[in-house]
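The values are calculated or read from the model by the stated rules, or taken from the named source; none is laboratory data. Quick caveat: nothing in here was measured; it's all calculated off a predicted structure. Backbone-built Cβ (ideal geometry, glycine too); neighbour counts: all protein chains shown. The area values use the complete protein model at the heavy-atom level, side chains included, leaving out ligands, DNA and RNA. Shrake-Rupley method; radii C 1.70, N 1.55, O 1.52, S 1.80 Å.
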Amino acid sequence: MKRIGLLSDTHAWWDEKYVAFFDSCDEIWHAGDIGSEAVGEKLAHIRPLRAVYGNIDGQNLRMMYPQIAHFTIEACRVMMTHIGGYPGRYEPSVRAKLIETKPNLFISGHSHILKIMFDKRLNCLHINPGAAGISGIHQVRTLVRFTIDGAVIKDLEVIEPGGRKQAGAGLH
């Protein structure tokens, strides 16, 4: 059994609350638009980090992380990318990879909109954790935690660490 902490779209924003939110996790996954190497390093200091780069990430982050990650945790096949769409509206290149690789769990970011949907056609759970940073259209920052037990995804929690504008937090 593995406990996963998932976030996206930090855009170089760091919140010390991440430490407590992800302390109970075995791994942290970041679905792109990390924004700075420092944010990746701080997350990796809490727990092992798996990440993909997003459209705002510079060359250094693109060299550190892939555009699309495929991996297996327990018996769960995972595909993670930043710009992926969602069931019924996948990005065309992503749709082909989903059909080809048949993941149990598809993770994307980019929209800044929290979305958790099951795709019956692909027999795949899609999670977009929304945005954890303060840049973008969202009003509330969101993160997700869940457990993978074999091929089963369970105990899913949505965490709202606060609104977009908070005094006292940030990357220093």
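Calculate the all-directions average of the projected area of the chain's alpha-carbon convex hull, and give it in nm².
Values: hull surface 36.3 nm².
About 9.1 nm², averaged over all directions.
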0 to 90° range, to nearest 10: angle between helix 37-46 axis and the chain longest Cα axis: 80 degrees
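At 0.36 nm per residue, and after removing the present C-alpha to C-alpha distance, how many nm does the segment from GLU91 to LEU156 gain when stretched out fully?
Fully extending the segment from GLU91 to LEU156 adds 20.9 nm.
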From phi via Karplus (6.51, -1.76, 1.60), per-residue ³J(HN,Hα) for segment 18-32 in Hz, x at Gly/Pro: 4, 4, 5, 4, 9, 4, 7, 8, 8, 9, 10, 10, 10, 8, x
Span from the segment 45-113 Cα centroid across to the segment 129-165 one, whole angstrom: 15 Å
3J(HN,Hα) from dihedral phi, segment 77-82, Karplus parametrisation 6.51/-1.76/1.60, rounded to Hz, x for glycine, proline: 7, 10, 10, 10, 8, 7
Helix axis angle, 92-101 relative to the chain longest principal axis, alpha carbon, degrees: 60 degrees
Rounded to 5, percent antiparallel among DSSP beta bridges of the chain: 70 percent
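Could you calculate the FRET efficiency of ASN55 with LYS115 from 1/(1 + (r/R0)^6), where r is the beta carbon distance between them and R0 is 22 Å, rounded to 0.05? Numbers along the way, then the final one.
Details: r = 18 Å, r/R0 = 0.82.
After rounding to 0.05, the efficiency reads 0.75.
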Antiparallel %, DSSP beta bridges [both residues in segment 27-104], to 5: 75 percent
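Listed highest first by mean packing, meaning other Cβ atoms within 10 Å per residue, what order do 8-21, 94-107, 64-77, 26-39 come in? Don't jump to the answer; show the numbers that get you there.
Working: 8-21: 20.7, 94-107: 17.3, 64-77: 15.3, 26-39: 22.7.
Per-residue mean Cβ counts within 10 Å order the peptides as 26-39, 8-21, 94-107, 64-77.
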Of all accessible heavy-atom area on segment 1-65, the percent that carbon and sulfur account for (1.4 Å): 51 percent
Interchain or long-range residues, amide H under 5 Å from ALA51's placed H: HIS30
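How long are the three semi-axes of the equivalent ellipsoid for segment 5-81, computed from the Cα gyration tensor as the root of 5 times each eigenvalue, in whole Å, largest first?
Taking √(5λ) for each Cα gyration eigenvalue gives 18, 17, 9 Å.
What number comes out for accessible area per residue over segment 13-137 if the probe is 1.4 Å? Units Å², please. Don't jump to the answer; show the numbers that get you there.
Values: 5850 Å² over 125 residues.
Accessible surface, normalised per residue, equals 47 Å².
Once the Cα gyration tensor of segment 73-172 is found, what semi-axes does its equivalent ellipsoid get, as square roots of 5 times the eigenvalues, in whole Å, sorted largest first?
For segment 73-172, the semi-axes come out at 27, 16, 11 Å.
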